[in-house]
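Enquirer: One structure follows; several queries about it will come next.
Computed from the coordinates by the stated procedures, all read-outs in this text should not be read as laboratory data. Source: prediction; values computed, not measured. Cβ sites come from the backbone with ideal geometry, for glycine too, and all protein chains shown count toward neighbours.
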Amino acid sequence: MKRVMRRAALVLAALLAFSMPPVFGAEAELQGKAFTSTQTPSLIFRPIETRIRRQSAVPLKLPTFLPYLDEQNPIYASIGSANKSHYRIILGYGKDCEGGPTCLYAEFEGSSTPFREYTGETRIPVALQGGIKGYFINFTCGANCSESYIGWTEGGFHYFIGMKAEKKEMLIKIANSAIGGQPQE
């Protein structure tokens with residue numbers, strides 16, 4: 001009798017699990033289910049946005065699209081550095097991430113001066129939204145894999161976005177959302 005009851009309970013649990021609507025992710029959106037998420041680009045950047053605007057004269061370019069966001073692995077924004085001519089934003093898998101390889105999700109920089117080119121670095125030209133010409137730098141792997149980067153110049157300012165071992169197409173999508181997103185100034 002216990003065996004039959006246990007089997008019935010397992011069957012019932014399986015039926016309930018497969019008939020419940022998903023709570024997070026694209027599946028919930030596809031099924032028309034609304035959910036509240038704290039992992040949207042505007043909410044992620046909100047805690048640092050005002051401080052960066054006060055500290056840097058470089059217009060802020062924040063993406064309206066970020067891939068791979070989910071509630072189980074929240075992303076936190078921190079200011080890597082900011083002064084009148086430059087800013088660096090770090091997005092990490094922890095509130096104390098300083099850009100190290102174990103916690104870095106992405107980094108965003110804006111500067112009034114061009115970014116330094118490194119020996120052996122190959123910049124692949126890319127076309128961005130609004131006719132902006134940019135460049136892509138692919139990642140390399142050694143003990144850890146580095147970030148892939150996409151950079152561009154807009155309005156006399158220089159910007160780049162880096163994500164660990166990310167594909168060119170994804171970085172173009174993120175950059176285009178920063179270029180053409182809602183006004184960030």
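Enquirer: Per q in 0.13 Å⁻¹, report the Debye log10 I(q)/I(0) for the range 41-180, using one uniform scatterer on each alpha carbon and no solvent.
Expert: -0.53
Enquirer: Around residue 126, which amide H atoms from residues at least 5 apart in sequence, or from another chain, sit under 5 Å from its own amide H, with H modelled in the peptide plane?
Expert: It is 134, 135, 136, by chain and number.
Enquirer: Also: May I ask which residue of 92, 129, 68 lies farthest towards the positive end of the charge dipole of the range 41-180, with charges of +1 (Lys, Arg) and -1 (Asp, Glu) on Cβ and the Cα centre as origin?
Expert: 129
Enquirer: Taking a label point 7 Å from the Cα of residue 170 along the Cα→Cβ vector, which residues of the range 104-121 have an amide N closer than 13 Å to it?
Expert: 105-107
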